[in-house]
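J.: Structure below; questions to follow.
Any read-out appearing in this document is the output of simple, stated calculations on the displayed coordinates, not a laboratory observation. Given the structure is predicted, the values throughout are model-derived calculations rather than measurements. No Cβ is skipped: glycine too gets one built from the backbone with ideal geometry, and neighbour counts run over all protein chains shown.
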Amino acid sequence: MASLELLGFGSTGWGALLIAAALMTLAVTATALAIGAVLGAIVAAAKLSGKLVLVTLGNVYTTVFRGVPELLIIYLIYFGGSSAVTSIGKAMGYEGFLGLPSFIAGALAVGIISGSYQAEVFRGAFLAISKGELEAASAIGMHRSLRFRRIIMPQVLRLAIPGLGNVWQLSLKDSALISVTGLAELMRTSQVAAGSTRQYFLFYIAGGCLYLILTSLSDRVFNGAERRANRSMPASAMGQA
């Protein structure tokens, strides 16, 4: 009974805070995925450009941010960003420490990590496009921008959905590391609740269950998006993809 009260929505319950923390986790992950999509698209374009300098820079980005531990990147962004903001503030005449907001630092750090994976997803999706479609578009004189809008972008987005779903799940779990910055996301709130009540097993299990709910719902969303994107495709084409 005491456990139900602690997990409830009453005056002594942590239920409302845990739900709010789960929503914060979703907000951080969604923001990180958007940041990663922009970075990933740029890096994928660089790696597909065929230009040595751009290809090298793209390879360095994906190698570094997929190889360095996520927690280290979060520390570098949070503390390095705070130092940079403080330096800018001093240059403008402000005295004192200026910390980078935890949400911005966390979303940016996870977004940079996400971008390194999304770059490979987008690159693989582009390479999976039938070369015959691109050659046919060029043959009829379709302009490059129109070819990108009508053929490349729709196909890349359709083919990238499964990979993006995996990147989302990865970012959702990486968001737990942002707890080190003090942001009240799901992991941090579970830690605070466990420490305040001394019910460590109860609140870590509750936090784990909420993560499982988020990942399960996310799977349904991405599976639905994949079915919707492929509904106009013949079964043979889907099999080849």
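J.: For the Cα atoms of the chain, what angle does the longest principal axis make with the long axis of helix 70-91, in degrees from 0 to 90, nearest 10?
T.: 80 degrees
J.: How about segment 1-94: which chymotrypsin sites (Phe, Trp or Tyr not before Pro) there are in a DSSP loop, with at most 13 other Cβ atoms within 10 Å of their Cβ? Write down the numbers at each step before the final one.
T.: Working: sites: PHE9, TRP14, TYR61, PHE65, TYR75, TYR78, PHE79, TYR94; in loops: PHE9, TRP14, TYR94.
Here the sparse-neighbourhood loop sites are PHE9, TYR94.
J.: Now a separate question. Given a cut-off of under 8 Å on Cα pairs at least six residues apart, what relative contact order in percent is computed for segment 2-240? Walk me through the numbers on the way to the answer.
T.: Working: 258 pairs, mean separation 59.6, N = 239.
In percent, rounded to a whole number, it is 25.
J.: In addition: Quick one: Karplus J couplings for segment 106-117, per residue in order, coefficients 6.51, -1.76, 1.60, θ = phi - 60°, nearest Hz, x for Gly and Pro?
T.: Per-residue couplings from phi come out as x, 5, 5, 5, 5, x, 5, 5, 4, x, 5, 7 Hz.
J.: Separate question: With angles folded into 0 to 90 degrees, how steeply does helix 186-197 sit against the dominant principal axis of the chain? Use alpha carbons for both and round to 10.
T.: Approximately 10 degrees, to the nearest ten.
J.: Extending each Cα 7 Å along its Cβ direction at ARG66 and SER216, get the distance between those two points in nm, one decimal.
T.: Modelled inter-label distance: 3.1 nm.
J.: While we're here: Could you run the Karplus curve 6.51 cos²θ - 1.76 cosθ + 1.60 with θ = phi - 60° over segment 37-47 and give me ³J(HN,Hα) per residue in whole Hz, x for Gly and Pro?
T.: The phi angles translate into 5, 5, 5, x, 5, 5, 5, 4, 4, 5, 6 Hz.
J.: Right, here's the next one. Of LEU217, GLY132, ALA184, which is farthest towards the positive pole of segment 123-237's charge dipole, taken about the Cα centre with +1 and -1 on the beta-carbons of Lys, Arg and Asp, Glu respectively?
T.: In segment 123-237, that residue is GLY132.
J.: Over the chain, with a Gaussian network built from C-alpha contacts below 10 Å, which listed residue (SER216, SER11, SER83) shows the highest mean-square fluctuation?
T.: SER11
J.: So, in Å, what gap is there between the alpha-carbon centers of segment 91-106 and segment 69-86?
T.: Computed from Cα coordinates, the inter-centre distance equals 12 Å.
J.: What is the distance, in nm, between label points placed 7 Å from the Cα along the Cα-to-Cβ direction at THR12 and at VAL38?
T.: 4.8 nm
J.: Lys/Arg Cβ at +1, Asp/Glu Cβ at -1, dipole of segment 1-128 taken about the Cα centre: which of GLY50, LEU72, VAL85 is farthest positive-ward?
T.: GLY50
J.: For segment 119-130, what does the Karplus curve 6.51 cos²θ - 1.76 cosθ + 1.60, with θ = phi - 60°, yield as ³J(HN,Hα) per residue in whole Hz, taken in order and with x for Gly and Pro?
T.: Computed from phi, the couplings for segment 119-130 are 4, 6, 4, 5, 5, x, 5, 5, 5, 7, 5, 4 Hz.
J.: Still on this model: How much length, in nm to one decimal, is gained on full extension between TYR200 and PHE79, taken as 0.36 nm per residue of separation minus their Cα-Cα distance?
T.: On the way: separation 121, 0.36 × 121 = 43.56 nm, distance 2.90 nm.
Length gained, TYR200 through PHE79: 40.7 nm.
J.: If amide hydrogens are placed 1.01 Å from N in the peptide plane, which non-local residues have theirs closer than 5 Å to the one on LEU7?
T.: The list, which skips near neighbours in sequence, is TRP14.
J.: Between helix 153-174 and the chain, what is the angle of the helix's C-alpha long axis to the longest principal axis, kept within 0 to 90° and rounded to the nearest 10?
T.: The two axes meet at around 20 degrees.
J.: List residues of segment 210-225, by number, whose backbone nitrogen lies under 17 Å from a label position 7 Å along Cα→C-beta of LEU4.
T.: Hits in segment 210-225 for LEU4 at 17 Å: none.
J.: Something else now. Using a simple charge model, +1 on the beta-carbon of Lys and Arg, -1 on the beta-carbon of Asp and Glu, nothing else, what dipole does segment 77-172 show about its Cα centre, in debye to the nearest 20? Walk me through the intermediate numbers first.
T.: Values: 8 positive and 4 negative charges, 76 e Å.
For segment 77-172, the charge dipole is close to 360 debye.
J.: Follow-up question, since we're still on this one. Using a simple charge model, +1 on the beta-carbon of Lys and Arg, -1 on the beta-carbon of Asp and Glu, nothing else, what dipole does the chain show about its Cα centre, in debye to the nearest 20? Don't skip to the answer; put the middle values down first.
T.: Working: 18 positive and 10 negative charges, 169 e Å.
In debye, rounded to 20, the chain gives about 820.
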